[in-house]
Amino acid sequence: MMARPSLLAVPLALLLCAVSALPCRVGGRPSAVGMVREADVILRATPEYSVHAASDPDSTDPDSRIQFKVLEVIRGEKPDRLVLRGALVENDDFNDLTSPYDFVRPNGRRGSCFASSYRTGGQYLLILKRNRDRELTVDWYPLAPVNEQLHADDDPWLLWVRREAHKPTQVQLPNPTINTFVERRFSDPSLTPIPL
């Protein structure tokens, strides 16, 4: 007797394939200011070589890893070794928007949420965050310009991020009355602490 596929098997298989092919979706446009503020480390770097080659070089989400050479530390500490997920390519992938960017370069708009191609010999501004394992990653802010290719040492995006990264952060309490009290409390040594 010949086995017949269930009537539900074909639609279920089509649904599963469609779900994996859905493009990346996030709520709202990324914030360049917020991205720079939240970053743990910001570096200018160039890809040196592949540490682990991709199993599928044409994938939009490669499993390969690239060793980077750090050229400049803009914020944070220089890592002993910087290896990121990505693929080495021969083509440029500059952001086609105006700096300051609020969206990922074209390679990151193909469905995976993150650009993962790095041109051999190119320079990149890497806006990094530590993951749960304390490793640096660019895969933390979907569709954001976390790993943009630079045109030159005076690239407008690089200059903007340098300025933004060195701005002092201001803590603003939500209530003006509290803000006034806090400012007076810490500027006037004669005020006594309130017992809890």
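When the stretch 108-126 is examined, which residues are found to be under 12 Å from Gln149 (Cα atoms) and touching a helix residue (DSSP H, G or I) at 6+ places or on another chain (Cβ under 9 Å)? Correct list: Ala115, Ser116, Ser117, Gln123, Leu125. Out of everything in the stretch 87-109 that is of a type in the set (D, E, K, R) and without any contact (Cβ under 8 Å) to a residue 60 or more places away in the chain, what residue ends up being surrounded by the fewest Cβ atoms within 10 Å (Cβ to Cβ)? Within the stretch 87-109, the match that is surrounded by the fewest Cβ atoms within 10 Å (Cβ to Cβ) is Glu90. Filtered by the rule that a residue be within 16 Å of the chain's Cα centre (by Cα) and either without any contact (Cβ under 8 Å) to a residue 12 or more places away in the chain or over 18 Å from Gly34 (Cα atoms) (or both), the stretch 74-86 gives Leu82, Val83, Leu84, Arg85, Gly86. When Leu22, Leu84, Leu125 are screened for being aliphatic (A, V, I, L, M), farther than 19 Å from Arg162 by Cα and modelled with pLDDT of 95 or more, only Leu84 passes.
The values are calculated or read from the model by the stated rules, or taken from the named source; none is laboratory data. This structure is a prediction, so every number in the text was calculated from the model and none was measured. For neighbour counting, all protein chains shown are included, and Cβ atoms are generated from backbone atoms with ideal geometry for every residue, glycine included.
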